[in-house]
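Chemist: Please find one structure pasted underneath; my questions will follow.
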Amino acid sequence: MVAPPDNDVLWARGLHHTYAGSPALTGVSLGVREGEILAVTGPRGCGKTTLLRCLSGQLAPDSGEIWFNSSPVHTLSPAGRERLRLDRFGWVDTEPHLVPELTAWENAALPLLLRGTGHRAAKQTACEWLERLDVGMCARQRPGRLDQSQRQRIAIARALACAPQVLFADEPTAPLHRADAAQVLRTITTAARSHEITVVLATHEPEADTLADRTVALLDGRRTGAKAPAPDKESRAECSLSV
């Protein structure tokens, strides 16, 4: 077993996973530096979701190693991986998956309440994130009264409210119109930069190239290459809307 580099908050080597006999990941290796925004791109069915689910501990790979902060994730029990996800990771899915009986702020506060945060503090943090994501006016409304873009922003607030060390976002703009999709991507990346959150973003949006620090591509479960940012990436990031 080889320890990961010290500057990688996430590190994976030789990941393999199959679904019903069909390969989803075939020998994928990568590292993610602390505070980095990494975009994972590729066509639908290329393995992006499987990779994010393995890295976040939702799914145990058939073989390979996954390390978080130089500690092995692949050897953890299911309960250990669940605790890691609750304490350290945030997740934004393709669909918001909000609890319909809860209001927007209650949905955003849910991970904090599950951690044992007091009701008042959880509500305050949740409402602050809803405001930052331009859905503060929806705080007392239930998901059924909101549009898709508003629901997705609430899901992002839920993921960010618990101050994750790593945020995983799996095609978070897939169900949105192009203008909303671009704004949601900017919201995620700007919030992450301002709060020093590492992001692993699965996307097929072309705008990811200009927002991410680095891009890796998958095809048929294999990594096909990496793309570094343009020299003026940092200056472009600084021009993003502050969150």
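A short reminder: the numbers here are calculations on the coordinates, not readings from a lab. Just so you know, these numbers come straight off a predicted model, no measurement behind them. We place every Cβ from the backbone using ideal geometry, glycine too, and count neighbours over all the protein chains shown.
Chemist: How fast does the stretch 82-155 diffuse by Stokes-Einstein, in µm²/s, taking the Kirkwood radius from C-alpha pairs at 25 °C and 0.890 mPa s?
Modeler: Values: Rh = 12.4 Å.
Estimated via Stokes-Einstein, D reaches 197 µm²/s.
Chemist: Is the C-alpha gyration tensor of the stretch 129-174 telling us rounded, prolate or oblate? Criteria: a/c under 1.5 is rounded; beyond that, a/b larger than b/c is prolate, otherwise oblate.
Modeler: Oblate, because a/c is 1.5 or more while a/b does not exceed b/c.
Chemist: May I pose another question? Using the eigenvalues of the Cα gyration tensor, what equivalent ellipsoid semi-axes result for the stretch 110-205 when each is taken as the square root of five times the eigenvalue, whole Å, largest first?
Modeler: In descending order the semi-axes read 21, 17, 11 Å.
Chemist: Please state the shape class of the stretch 1-99: rounded when a/c is under 1.5, otherwise prolate if a/b exceeds b/c and oblate if not, all from the C-alpha gyration tensor.
Modeler: rounded
Chemist: Another question, then. Just to confirm the filter: which GluC sites (Glu not before Pro) across the stretch 50-111 are DSSP coil and have at most 12 other Cβ within 10 angstrom of their Cβ?
Modeler: Qualifying residues, ordered by number: GLU101.
Chemist: Using only helices, what value at 222 nm comes out for the chain when you add -39,500 (n - 2.57) per DSSP H run of length 4 or more and divide by the total residues, to the nearest 500 deg cm²/dmol? Numbers along the way, then the final one.
Modeler: Values: 8 runs with 86 residues, N = 243.
Helix-only estimate at 222 nm: -10500 deg cm²/dmol.
Chemist: Sticking with this one: Just to check I understand the Karplus step: with θ = phi - 60° and J = 6.51 cos²θ - 1.76 cosθ + 1.60, what whole-Hz values come out for the stretch 193-206, glycine and proline as x?
Modeler: Per-residue couplings from phi come out as 5, 5, 10, 6, 9, 6, 10, 10, 10, 8, 7, 10, 6, x Hz.
Chemist: Treating only the Cβ of Lys, Arg, Asp and Glu as charged (+1, +1, -1, -1), what charge dipole size does the chain show about its Cα centre? Round to the nearest 20 debye. The partial results should precede the final answer.
Modeler: Values: 28 positive and 28 negative charges, 84 e Å.
Charge dipole, the chain, about its Cα centre: 400 debye, nearest 20.
Chemist: Right, here's the next one. Give me the net charge of VAL199's neighbourhood, meaning all other residues with Cβ under 12 Å from the Cβ of VAL199; Lys, Arg count +1, Asp, Glu -1. Display every interim value, and only then the final one.
Modeler: Numbers: positive: ARG33, ARG193, ARG214; negative: GLU34, GLU36, ASP170, GLU196, ASP213.
Here the charged neighbours net out to -2.
Chemist: Evaluate the charge dipole of the stretch 67-140 about its Cα centre and quote only its size in Debye, nearest 20, assuming +1 on the Cβ of each Lys and Arg and -1 on the Cβ of each Asp and Glu. The partial results should precede the final answer.
Modeler: Details: 9 positive and 9 negative charges, 69 e Å.
That gives a dipole near 340 debye.
Chemist: From the phi of every residue in the stretch 67-80, what ³J(HN,Hα) in whole Hz does the Karplus formula 6.51 cos²θ - 1.76 cosθ + 1.60 yield, where θ is phi - 60° and glycine or proline is x?
Modeler: 10, 10, 6, 6, 10, x, 8, 5, 9, 6, 6, x, 5, x
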